[in-house]
Every structure is written in C-alpha cells, then in structure tokens.
Amino acid sequence: MSALDRRFMAAAIRLARWHEGRTGSNPSVATLIVREIEGVPVIVGRGVTALGGRPHAEPQALAEAGELARGATAYVTLEPCAHHGRTPPCAETLVSAGVARVVAAATDPDERVSGRGYAILRAGGIEVIESVLAREAEHDLAGYLKRRTNNRAHVTLKLAVSANGKIGRRDGRQVTITGEVSRSQVHALRAQSDVILVGVGTATNDDPDLTCRLPGLQDRSPVRLVLDTHLRLPVGSRLAVTARNVPLWIATAADPDDPRRVKLAATGAEFMACDAHDGRLALPELLEDIAARGLSTVFVEGGAEVAQAFLDEDLVDRIVLFTGEGAVEGEAVNAPVTRQTVPETFRQVASMRYGADQMDEYERA
C-alpha cells in the first residue's frame, strides 16, 4: 500500500457517496481507472453504481477509459463481483480490459463473490492489493455489509440531546434543541438512508414530514416507516396525506380487516405485518423483513421509547448524537443515550462542531 494508492482510494470512496441510498439492493460502489501519462498519474475513467443498482461501477469506468485502461490501475471500493448473470462479472470485465493492477478496499461478504473476485483477477495475471482504506470504505458500505452478513438492515440511531441530557418535554410540546446547521446535517443523513423510522407517538405528537428538504435533494427522501402496533396514526397526518408522494410503510400487529387499516391504505400507505410481544413489535424480525425487501439502512429518528427498544434489543449499529448548548427545563424526557453514557460496546469514529452544537458518531467496536 503506497501513499498514492491511499490517495486514489480516498477519492474513489468519496465518489461512491454520490449515489448512496439510491442504488436499490446493490451497494453504491465506485471505480477509478488511473494510469501514468507523461510520468503523472491521471484518472482516465470513473464510474459509480448507477441509480437503481445497474450497471456496476467497473464497466462504466472502463468504458470511459477505453484503450487507456490497458496496463492501468483500477481502484475499487468493493471487491469486484464474480457471479454470472446476463452480463459477465466485473472481475472478468477488468481482466478483459487488460488492467494491470486492482487496488481494492472492502471485501464482499456475498458468498457468490467473497474472495472469488480477487481469485479471478489474479488468475488473469492482475496484481491485486487488498484492504486499502478498508475501514473507511466499510463505514459507507455498512448497510450492505450488515444485510449480507446478518440478514438484517443496519441501524443508525440519531438523537438530539440538550446540554442537560434531555430530548424533549413530557407534555409533547416541541422544543428546539439544536441549531439550523445540525438540522441540515440530519436531512443529509436522511438522504443517505433507505428507511427513516419513528414511533407512532412521535408521528402523532410532532406530525412530521420525515422528508429530505435540502435544496436539490428533495427527491432523495427515504421510505418513511412508523411503528404503530394498533394503527393509531391519524389519516389526516402529514405522513398519511403525503403517502402517494413519498412512500409510507406502517409496521403493525393489527388485524388485516381492521377498519383503520382500510382508511390508511386508501391514502397510499403500505403495511408490514409484525408480531407483538408485551405490547411491542418484534424488532429483529422487522429488520429482517426490511432486508428481505432489498433495503439496507434504517435511520431511527423518533421517540425515546423506540430508541430505548432498539438499544435494549442490541440492534443499534451506529449512534449519531447532536448535543445542543441549551437545557430543557421542567418535566422533560431523559435521553436514552448521551455523550457520557454511550455503551462500552461502541467506539467513537467522528466528532464535529455544527455551529454551537456538538456532533459525535459512534460505531459498534
């Protein structure tokens, strides 16, 4: 691994983020084709997994590079696929293009690929360098990797916490905890997610849209999922009213012939049937069902009870805390997690300032 390899891999990882959350069941992967021209390394081809998941990054980058790919180095953020479909696997496409080196970040855990992509490359006479900036690539590919290895969706828990460790008022009145810069960052995180999840209490009390409202990213709003055991979501809520514009799924244990289900279905809402235990929906099975639909990332954004339930079930893979500088006084709701109480099973991976707010990100150790 050279400094030059790390430099171009970092660029490939940044490129992969362009289509994060928009590639269906496939991960957003990037490829850069680099060769020396007059003694200087130059990017001659680039590709990122297309919207919807096809075509993959490698054939796009090779098509742009053309004959310049022969003898060049390909930087790939995920091991090239090795399984045949209607098109040849990306590993064979790289061999056919005459690439001399392949520098890869993450290994694909898919049993049809894992290690086989590298084996095809080496059998074709290509030098393969593995695990360059693997951790950085795996951070962005976490949803896909979790779905492939654990058959469930990856869960990010986001909380806005006041300086005195509160997330809201018990009377349900809304209170502003973080500033505009932090709220914009949350919308960016929504745009990178497949599903945004809240409890019915938050959906009823706050009446949120749960969409991405950043300029230019409005069409990247994720599926909105409400945990609603007994179908309490009002038909006139913003979520229901906009269900035909932005997908709304409702996870429920209500009977299929419940009249409230008929009314919500008329708005365009879809339902995910769930088992309930002690009044709570079965979250592990719900995450498996989400993964079975080809979705990889769940952004848990609403409700102390919901957040605590995911923590109690040990289903949280990433925690993003936005800590404001003000306090919430009076009858307030304690935050399930604060900077001081993050479980020991998590390690800090990022810390930033957004205006007056502090953002801290943690991942499973």
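The values are calculated or read from the model by the stated rules, or taken from the named source; none is laboratory data. This is a predicted model, so every value here is computed, not measured. Cβ atoms come from the backbone with ideal geometry, glycine included; neighbour counts cover every protein chain shown.
At a glance:
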quantity	calculated
Matching strands (runs of 3 or more DSSP E) fully within the stretch 39-158 where at least 1 residues are outside the structural domain of Glu301 (by TED's automatic domain parsing) and surrounded by fewer than 19 Cβ atoms within 10 Å (Cβ to Cβ)	40-48, 101-106, 127-129
Residue count, the stretch 286-308 (criterion: under 21 Å from Gly201 (Cβ atoms), of a type outside the set (A, V, I, L, M) and within 21 Å of the chain's Cα centre (by Cα))	5
From Ser221, Ser193, residue being in contact with a Lys or Arg (Cβ under 8 Å, 6 or more places away or on another chain) and surrounded by 21 or more Cβ atoms within 10 Å (Cβ to Cβ)	Ser221
All positions within the stretch 162-189 that are more than 30 Å from Asp219 (Cβ to Cβ) and acidic (Asp, Glu)	Asp171
Those residues of the stretch 333-365 which are touching a His at 6+ places or on another chain (Cβ under 8 Å) and farther than 15 Å from Leu311 by Cα, in sequence order	Val349
Condition broken by Gly172, with the remaining ones in (1) surrounded by 19 or more Cβ atoms within 10 Å (Cβ to Cβ); (2) outside any helix (DSSP H, G or I) satisfied	(1)
Residue match in the stretch 338-357 (condition: touching a Leu at 6+ places or on another chain (Cβ under 9 Å), outside any strand (DSSP E or B) and crowded, with 17+ Cβ neighbours inside 10 Å)	yes
Count of the stretch 338-363 residues which are charged (D, E, K, R) and closer than 11 Å to Arg318 by Cα	4
Candidate set: the stretch 159-169, residues that are at negative phi and not in a strand (DSSP E or B); chosen: the one surrounded by the most Cβ atoms within 10 Å (Cβ to Cβ)	Ser162
Residues satisfying the stated conditions in the stretch 215-238, i.e. under 19 Å from Ser184 (Cβ atoms) and touching a residue at least 40 places away in the same chain (Cβ under 8 Å)	Arg220, Pro222
Filter result for Arg244 (without any contact (Cβ under 8 Å) to a residue 24 or more places away in the chain and among the basic types (Lys, Arg))	no
The one condition in (1) touching a Pro at 6+ places or on another chain (Cβ under 9 Å); (2) part of a loop (DSSP other than H, G, I, E, B); (3) not acidic (Asp, Glu) that Val235 fails to fulfil	(1)
Of residues in the stretch 318-334 being in a loop (DSSP other than H, G, I, E, B) and in contact with a Lys or Arg (Cβ under 6 Å, 6 or more places away or on another chain), the one nearest to Glu180 (Cα to Cα)	Val328
Residues within the stretch 70-101 that are out of contact with any Lys or Arg (no Cβ under 9 Å at 6 or more places or on another chain) and of a type in the set (A, V, I, L, M, F, W, C), tallied	5
Subset of the stretch 175-216 [part of a loop (DSSP other than H, G, I, E, B) and within 26 Å of Ala292 (Cα to Cα)]	Gln192, Ser193, Asp194, Asp209, Leu210, Thr211, Cys212
Filter result (of a type in the set (Phe, Trp, Tyr) and either under 18 Å from Glu361 (Cα atoms) or more than 21 Å from the chain's Cα centre (by Cα) (or both)) within the stretch 116-150	Tyr118
